[in-house]
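J.: Next up is a structure, given as structure tokens.
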Amino acid sequence: MLPGRSTASFLLALLVLSLPASGIAKDEKDPIVVQDPQYGEVLFYFYQEDYFPAIVRTLAAQQEEQLEAHKQEAELLLGGMYLSYGHHLEAADIFERLLADNVSTDVRDRTWFFLGKIWYQRGYLDKAQEALGLIEGELPKNLQREALMLEAQILLDAGDYDAAIALLQKWKGKTEWASYAKFNIGVALVRSGRVAEAQSLLEDLGSLNPFNEELTSLRDKANLALGYALLQDGQPFVAKAPLQRVRLEGPFSNKALLGVGWADAELGNFQRALVPWMELRSRDLLDSAVQESMLAIPYAMAKLDSISQAADHYLNAIEAFYEETNRLDRTISHIESGAMFEEFLNDGPLDSTGWYWRLEELPEGPESRYLFHLLASHEFQEGLKNYRDLSYLHENLDAWQDSVSVYGNMLETRKQAFDIRLPEVEDALARADLDGMVSRKLEFDSRLNNIEQSSDWLALATKSEFEMWGEITGLESTPALRANIPEAAEVRDKISLLKGVLQWELERDFKDRLWRIRRNLDEAGEALVATQRSRRQIDDTIRNEPVFFAELSGRVYGLEPRVEGMKMRVEDSLAAQRRFLQEIAVGELQAQKQRLDVYTVQAQFALAAIYDLAATTAEAGE
């Protein structure tokens, strides 16, 4: 027996172990370094415990090779998320591949421990033992104790009691774990027929002073195990004490009351045996101990010569068993119709799937009283989780199918927009004389080079400066200024001064203007190169876009049959899972029916025997 621990808690621990050291904040101030945005999107869903979209995005990003900076971290994280859906084989394959040499021994050992625990819970004892055998170093103390207990439990389940006892006897200390170890040793001793050795261990556990609910339940279980072991060993008087220590309101009280009654009956004290059995009669008839008590009561009354009362109780038992059998038949029909499993889905939205899902409340209906017993079965719980996961997946495929239609509409809209704009673009390209622009640019370069070589400063004059230069040269050629008179000479001097000042300014600004014009020409050349590049891109787009549309059309419209095919596979899996759950549920209820049938036959034979006895007594009296 293992102490109760939250499965979700150790799964979360495993998922955290899957994250790299650089991807886990050491304290609240340390940032999480994410280099690939797709990995950040995966972590967004992961930290919300929404593992299905996280898995989908991880697989999609891996297929597109978008997680190169987080390749190993993403693989480990994917393995942890696979475990959240119970895909332990896929997760183990990832862990075996990546945990061999790439992580510390501490992380690897803890990962194998958690994986072994999951395998044990799913019933893969060999794989669980193999995973525990891969642990090389020392686990933390709390995990070390649990690993030792898990290994012992595997040996117990495999029937290797001596090996389990030898392993558990190494336990040291007086912790809660030590109590569970002592209980498992006692169970192993009882199963191997060594009741006397088990008695002292179970007696100590049955007398302990518990400090929490787990130890209280362990005390009850130890007392119950010891009581029945002593009963089977032919010690009814000694068996009464541990059975009477079991709580009357605990989960083991029914079996304890039944055992106390049989202990008194074995001692021949049928009057005292009736006390616990009469208490059981008022409890839930689904419990096998309650059903057995309904036969034990008239048996004890017959032993006390209360024949009439015994007959009445046998009749009551037969009637109760008959009614319960009818309810079981109706429930079996309801289960076989498949309606019950749809009620599990309809009573709560599919907002959580995988390992973490827990049933909050049972569906309403007459069959609900039987579901408590079904849900106590780990196999049924896991099957129900898988059924919900498949339903969730089917809903996602429905949503994806709708998205495919949306993508198809978007693609058609884009194709239509392309067809409308293409003639306008082609007309604009036809009007754009890029070759002429290039020729003009080259011509400007040549003219500027000639201006630079000849230092033609006048060629770079502005319009106003050029007009002023023309006016000055025009004045120089005026005939009146050629006269040999002082006034003409004075005007000629002024004109020469103006011309010299203007020439000086033009020569002074020549290099600066030359540099600016050359810079503008260079920029124009760069713009022309960019324009030519854009033109080639536009030409490539015009040529390739129809091909791109054809590829997209193939992908988008090819998704519809793929999604439909996946839906069909999921529907087949849903049907198979429904049949599997029906087999479990119906098998459990059929087992209850068979037990009721056996008890009914026993009650009928006992009642017939009472009637025969009464008839024989009456004949003898006559």
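The values are calculated or read from the model by the stated rules, or taken from the named source; none is laboratory data. Quick caveat, the model's predicted, so the values are computed rather than measured. Neighbour counts run over all protein chains shown; Cβ positions are idealised from the backbone, glycine included. These accessible areas exclude ligands, DNA and RNA; they are computed on the full protein's heavy atoms, side chains included. Shrake-Rupley method; radii C 1.70, N 1.55, O 1.52, S 1.80 Å.
J.: Take L581 and tell me if it is touching a Pro at 6+ places or on another chain (Cβ under 9 Å) and at pLDDT below 90.
T.: No, not satisfied.
J.: Of everything in the range 136-148, what is open to solvent by 40 Å² or more (accessible area, probe 1.4 Å) and either assigned to a loop (DSSP other than H, G, I, E, B) or among the aromatic types (F, W, Y) (or both)? Give them in sequence order.
T.: E136, E138, P140 - these are the residues of the range 136-148 that are open to solvent by 40 Å² or more (accessible area, probe 1.4 Å) and either assigned to a loop (DSSP other than H, G, I, E, B) or among the aromatic types (F, W, Y) (or both).
J.: I would also like to ask the following. List every residue pair whose Cβ atoms sit under 8 Å apart, with the two residues 6 or more apart in sequence or on different chains, where the first one lies in the range 500-525 and is free of Cβ contacts under 8 Å to residues at least 40 places away in the same chain and the second, anywhere, is of a type in the set (A, V, I, L, M) and surrounded by 11 or more Cβ atoms within 10 Å (Cβ to Cβ).
T.: Close Cβ pairs (under 8 Å, with a partner that is of a type in the set (A, V, I, L, M) and surrounded by 11 or more Cβ atoms within 10 Å (Cβ to Cβ)) amount to L502/M468; L502/I472.
J.: For the range 226-237, which positions are open to solvent by 30 Å² or more (accessible area, probe 1.4 Å), closer than 13 Å to A198 by Cβ and in contact with a Leu (Cβ under 9 Å, 6 or more places away or on another chain)? Working first, answer last.
T.: Initially, the range 226-237 is screened for residues open to solvent by 30 Å² or more (accessible area, probe 1.4 Å), giving 228, 231-235, 237.
From what's left, closer than 13 Å to A198 by Cβ: 228, 232-233, 235.
Answer for the range 226-237, where residues must be open to solvent by 30 Å² or more (accessible area, probe 1.4 Å), closer than 13 Å to A198 by Cβ and in contact with a Leu (Cβ under 9 Å, 6 or more places away or on another chain): just Y228.
J.: Determine, yes or no, whether E526 is modelled with pLDDT under 90, open to solvent by 60 Å² or more (accessible area, probe 1.4 Å) and among the acidic types (D, E).
T.: So E526 fails the test.
J.: Quick check on my filter: what residues within the range 548-559 are loosely packed, with under 14 Cβ neighbours inside 10 Å and over 15 Å from D419 (Cβ atoms)?
T.: Answer for the range 548-559, where residues must be loosely packed, with under 14 Cβ neighbours inside 10 Å and over 15 Å from D419 (Cβ atoms): E551, G554, R555, Y557, G558.
J.: Another question, if that's okay. Could you say whether any residue in the range 44-54 is among the hydrophobic types (A, V, I, L, M, F, W, C) and crowded, with 21+ Cβ neighbours inside 10 Å?
T.: Scanning the range 44-54 turns up at least one residue that is among the hydrophobic types (A, V, I, L, M, F, W, C) and crowded, with 21+ Cβ neighbours inside 10 Å.
The rows are residues; the columns are (1) in contact with a Lys or Arg (Cβ under 8 Å, 6 or more places away or on another chain); (2) at pLDDT below 90; (3) farther than 21 Å from E588 by Cα; (4) of a type in the set (S, T, Y).
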residue	(1), (2), (3), (4)
R272	no, no, yes, no
M278	no, no, yes, no
R283	no, yes, no, no
K303	no, yes, yes, no
I307	no, yes, yes, no
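J.: Further question on the same structure: If I ask for residues that are open to solvent by 20 Å² or more (accessible area, probe 1.4 Å) and without any contact (Cβ under 8 Å) to a residue 40 or more places away in the chain, which ones from the range 180-194 would you list?
T.: Selection gives K182, V190, R191, S192, G193, R194.
J.: Another question, if that's okay. Pick from the range 95-125 the residues that are over 18 Å from K71 (Cβ atoms) and not in a helix (DSSP H, G or I): which of them is modelled with the highest pLDDT?
T.: So, considering only residues that are over 18 Å from K71 (Cβ atoms) and not in a helix (DSSP H, G or I), the one modelled with the highest pLDDT is Y124.
J.: Does G133 satisfy the condition of being exposed (fewer than 14 other Cβ atoms within 10 Å of the Cβ) and on the phi > 0 side of the Ramachandran plot?
T.: Here the answer is no, as G133 does not meet what is asked.
J.: Within the range 149-175, can you find the residues that are farther than 24 Å from L231 by Cβ and either among the aromatic types (F, W, Y) or open to solvent by less than 40 Å² (accessible area, probe 1.4 Å) (or both)?
T.: Once the filter is applied, which keeps residues that are farther than 24 Å from L231 by Cβ and either among the aromatic types (F, W, Y) or open to solvent by less than 40 Å² (accessible area, probe 1.4 Å) (or both), the range 149-175 yields M149, L150, A152, Q153, I154, L155, A163, L167, L168, W171.
J.: Would you be able to say whether some residue in the range 425-448 is within 30 Å of S553 (Cα to Cα) and open to solvent by 60 Å² or more (accessible area, probe 1.4 Å)?
T.: Yes: the range 425-448 contains one or more residues that are within 30 Å of S553 (Cα to Cα) and open to solvent by 60 Å² or more (accessible area, probe 1.4 Å).
J.: Where residues in the range 116-130 are open to solvent by 40 Å² or more (accessible area, probe 1.4 Å) and under 12 Å from E151 (Cα atoms), which of them is nearest to the chain's Cα centre (by Cα)?
T.: That would be Y120.
J.: Identify, from the list L448, L429, L434, L422, the residue that is more than 60 Å from the chain's Cα centre (by Cα), at negative phi and of a type outside the set (D, E, K, R).
T.: On the way: L429 fails: more than 60 Å from the chain's Cα centre (by Cα); L434 fails: more than 60 Å from the chain's Cα centre (by Cα); L422 fails: more than 60 Å from the chain's Cα centre (by Cα).
From the options L448, L429, L434, L422, the qualifying one is L448.
J.: I would also like to ask the following. Out of A296, A310, I need the residue that is part of a helix (DSSP H, G or I), small (G, A, S) and in contact (Cβ under 8 Å) with a residue 40 or more places away in the chain. Which one?
T.: After ruling out the rest, the residue left standing is A310.
J.: Does any residue of the range 569-577 turn out to be within 30 Å of T413 (Cα to Cα), aliphatic (A, V, I, L, M) and out of contact with any Phe, Trp or Tyr (no Cβ under 9 Å at 6 or more places or on another chain)?
T.: No: the range 569-577 contains no residue that is within 30 Å of T413 (Cα to Cα), aliphatic (A, V, I, L, M) and out of contact with any Phe, Trp or Tyr (no Cβ under 9 Å at 6 or more places or on another chain).
J.: Any idea which of E151, E90 is in a helix (DSSP H, G or I) and without any contact (Cβ under 8 Å) to a residue 12 or more places away in the chain?
T.: Checking each option against the conditions leaves just E90.
J.: Anything in the range 456-484 that is open to solvent by less than 80 Å² (accessible area, probe 1.4 Å) and of a type in the set (A, V, I, L, M)? List them, or say none.
T.: Within the range 456-484, L458, A459, L460, A461, I472, A480, L481, A483 qualify.
J.: Give the residues of the range 311-347 that are open to solvent by 20 Å² or more (accessible area, probe 1.4 Å), of a type in the set (G, A, S) and modelled with pLDDT under 85, sorted by residue number.
T.: Of everything in the range 311-347, those that are open to solvent by 20 Å² or more (accessible area, probe 1.4 Å), of a type in the set (G, A, S) and modelled with pLDDT under 85 turn out to be S337, A339.
J.: If you check every pair at least six apart or on different chains, which have Cβ atoms under 7 Å apart with a residue in the range 381-409 that is open to solvent by 20 Å² or more (accessible area, probe 1.4 Å) first and a residue that is outside any helix (DSSP H, G or I) and small (G, A, S) second?
T.: Every condition considered, the pairs that remain are E382/G86.
J.: Continuing with this model, one more query. Examine the range 79-94 for a residue that is farther than 24 Å from P53 by Cβ and either at pLDDT below 80 or charged (D, E, K, R) (or both), and state whether such a residue exists.
T.: Checking the range 79-94: not a single residue is farther than 24 Å from P53 by Cβ and either at pLDDT below 80 or charged (D, E, K, R) (or both).
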